[in-house]
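Contents: one structure, followed by commentary.
No value in this document is a laboratory result; all are computed from the given coordinates. Owing to the predicted nature of the structure, the values given are computational and were not obtained by experimental measurement. Here the Cβ is made from the backbone with ideal geometry for all residues, glycine too, and neighbour counts use every protein chain on show.
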Amino acid sequence: MNAKAAQRHEVLVLGAGYAGLSTTIQLAARTRKRGNLQVTLINPYDTFTERLRLHMTATGQDTARLRLPELLDGTGAGFVRGWVTAVDAEAKTVRIDDDRTLRYDTLVYGLGSIADTVAVPGVDDHAYTLNSPEDAVVLADRLSRIDGETVVVCGSGLTGIEAAAEIAERHPELQVILLGRQEPGARMHPKAKTHLDAAFARLGVRVRSGVDVVKVLPDGVELADGSGVPAGAVLWTSGTRVSPLAAAAGLTIDERGRVVTDGALRSVSHPDIYAVGDAAAIRQGYGVMHGTCQGGMPTGVHAALSILRVLAGKEPKPFRFGYYHTPVSLGRNDAVVQFTRPDDSPRRIVLTGKRAAKYKETVTAAPWPTFARMKRMPVSGAFWPHGGRYTRIRSAK
Ligand SMILES: Cc1cc2nc3c(=O)[nH]c(=O)nc-3n(C[C@H](O)[C@H](O)[C@H](O)COP(=O)(O)OP(=O)(O)OC[C@H]3O[C@@H](n4cnc5c(N)ncnc54)[C@H](O)[C@@H]3O)c2cc1C
């Protein structure tokens, strides 16, 4: 190793999702001329997974192949294709599934989250998920082979709503039933909820709320009251689970396994590790942030800015983020956009129908060109709503 390489600060970014990719591009673009910092991104695929489109993949629709090496070209950031199997926070190394070990000075943990397939028996064995592009393709194949049967979508959150609508629109030959504890859109303004209900009625999606799925079987689901719902396919979208790697590495985690961070987005137990996106438990004035792409990208950018400030011997600034919308697709030609206060509570302003579908598509398509723009002009990614009084943490003063 030459002297220059020995002095170089190594940043490893785990996960090329919305958050990890934001950190990578920001760091690389802001430091490419300096040569004293090396950023390396690790991800199992060499393409960017647009999670926001996985319900489209699951219904046989083609989506763009967004190649990570092309995006990173010219930034100086390295790319390693692999699945991270362990983090050693004391030795400051990361193990990859091909048995390589990579060293870091600073680690950025952005491994995202997936639907929880372990809490309810049978989910792992019999249910389909939207947890990865492969999972979505497997579901697409199943849906194309069960003409006339029922598809049960478990989970009435936003992923369940979008998936149920998409399946019903693309597969009118199937009966779609959405099961969940809560009414779909329960947190929306009544105007948005009314539109959602009408869209489900139009698409023929049957909704059963107030039900608890206690078991998934090869041919349907069992409910808490002992009754069953037969199905040719069960899609599981309920709950969230994060990678167990942070817990195994001894990082301080919250009750859902997310890395607990300080205001700079550093792990509170291991300040040389930053956590971003769905994998992080980030406290704001309104509570701990929940996983979204709209919040995930700013966390990624902020972690990059914090790392650069710390390396420059400056105090990092506290992260602040306020939500502003919840766009929900209802098939390809309809959607509902619930505008929100910074704490994610619904405002009265709602967009519906074709205009909402256009809005949702614009939002979904935006991250990739945003990354490309950040590469040329990093500052363009550094603006997001800070949430005013909603995000202020009083005890921090
Ligand atoms: C169908 C669907 C629709 C959605 N719609 C919206 C929406 O409209 N608006 C919105 O804001 N949010 C939406 N979300 C949520 C949004 O996708 C997530 O909040 C967002 O992806 C989080 O970004 P992230 O970077 O933290 O994680 P991710 O985007 O999930 O990226 C994590 C990355 O880490 C990689 N990874 C995981 N484990 C390992 C490992 N061990 N080793 C190496 N790499 C690993 C993954 O492959 C992935 O590339 C939706 C989600 C789904 C499933």
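Quick notes on this structure:
- Note on VAL137 and ASN333: their simple-model spin labels are 3.0 nm apart, each label 7 Å out from Cα toward Cβ.
- Computed label-point distance, nm, for sites ASP212 and ARG341 using a 7 Å Cα→Cβ extension: 3.1 nm
- For the listed peptides 71-80, 175-184, a ranking on the average number of other beta carbons within 10 Å per residue, highest first, reads 175-184, 71-80.
- Rounded to 10°, Cα long-axis angle of helix 293-311 versus longest principal axis of the chain: 10 degrees
- Highest to lowest packing among 335-345, 201-211, scored as the average C-beta count within 10 Å: 335-345, 201-211
- Rounded to the nearest 20 debye, the dipole size of segment 123-237 about its Cα centre is 560 debye, using +1 on the Cβ of Lys and Arg and -1 on the Cβ of Asp and Glu.
- Taken over the chain, the percentage of Cα pairs per 20 Å bin, counting from 0 up to the bin with the maximum distance, is 27, 57, 16, 0.
- Contour excess over end-to-end distance, with Cα ends at GLU255 and TYR45 and 0.36 nm allotted per residue: 72.7 nm
- Sites excluded, GluC sites (Glu not before Pro) in DSSP loops with at most 11 other C-beta within 10 Å, longest stretch of the chain: 256-397
- FRET efficiency estimate (nearest 0.05) - Cβ-Cβ, ARG145 to HIS386, R0 56 angstrom: 0.70
- Estimated from helical segments only, the mean residue ellipticity of the chain at 222 nm is -8500 deg cm²/dmol, where each DSSP H run of four or more residues counts as -39500 (n - 2.57).
- Here's the list of lysines a cross-link from LYS314 could span, going by alpha-carbon distance under 27 Å and ignoring same-chain residues fewer than 8 apart: LYS4, LYS33, LYS92, LYS375, LYS397.
- Extension gain for the segment ALA312 to LYS358, taken as residue separation times 0.36 nm less the Cα-Cα distance, is 12.3 nm to one decimal.
- Net charge of Cβ neighbours under 12 Å - reference PRO346; Lys, Arg +1; Asp, Glu -1: +4
- Degrees between helix 367-376 axis and first principal axis of the chain (Cα, 0 to 90, nearest 10): 20 degrees
- Degrees between helix 18-31 axis and first principal axis of the chain (Cα, 0 to 90, nearest 10): 20 degrees
- For segment 123-237, the convex hull spanned by the alpha carbon atoms encloses 94 Å³ per residue.
- On the beta carbon distance between MET377 and ASP197, with R0 = 51 Å, the FRET formula returns roughly 0.75.
- Förster-model FRET efficiency, 45 Å R0, GLU70 and ARG181, C-beta, rounded to 0.05: 0.60
- Using a cutoff of 8 angstrom between alpha carbon atoms and counting only pairs six or more residues apart, the relative contact order for the chain works out to 17 percent.
- Extension gain, LEU223 to GLU90: 0.36 nm times the residue separation minus the Cα-Cα distance gives 43.3 nm.
- Point-to-point label distance, ALA119-ARG34, nm (Cα→Cβ direction, 7 Å offset): 4.2 nm
- Residue among GLN26, ALA275, ALA247 farthest towards the positive dipole end of the chain, charges placed on Cβ: GLN26
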